[in-house]
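No value in this document is a laboratory result; all are computed from the given coordinates. The structure displayed is predicted, hence computed values, not measured ones. Cβ sites come from the backbone with ideal geometry, for glycine too, and all protein chains shown count toward neighbours.
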Amino acid sequence: MIRTLPIFKGYTVDLRLQEFRKIEADKLPEFIPLLSDKGARLFYEFRQTKMGQKELKHYFKRQ
């Protein structure tokens with residue numbers, strides 16, 4: 001089954017790889033690990049949203 005990863009503040013949220021990714025045309029890709037300062041702040045904001053809560057529930061259900 002193919003799943004679409006959620007997008008939060010322009011970043012693709014990949015919980016499996018534990019990172020936020022932003023890839024824009026004519027720019028270098030940006031990868032932000034969840035364990036970095038910026039990643040932790042983004043993750044905190046993401047998990048406060050309904051989309052974030054749903055994604056976390058789905059992620060932990062699989063494990």
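Put a plus charge on the Cβ of each Lys and Arg, a minus charge on the Cβ of each Asp and Glu, and nothing anywhere else: the dipole of the stretch 7-62 about its Cα centre is then about 380 debye. Taken over the Cα atoms of the chain, the convex hull encloses 96 Å³ per residue. Around the amide H of LEU34, modelled in the peptide plane, lie the amide H atoms of GLU19, PHE20, all under 5 Å away and 5 or more residues distant in sequence or on another chain. Roughly what angle does helix 50-62 make with the longest principal axis of the chain, taking Cα atoms, 0 to 90 degrees, to the nearest 10? Between helix and principal axis, roughly 70 degrees.
How far is helix 37-47 tilted, in degrees, relative to the longest principal axis of the Cα atoms in the chain, given as a value from 0 to 90 rounded to the nearest 10? Between helix and principal axis, roughly 40 degrees.
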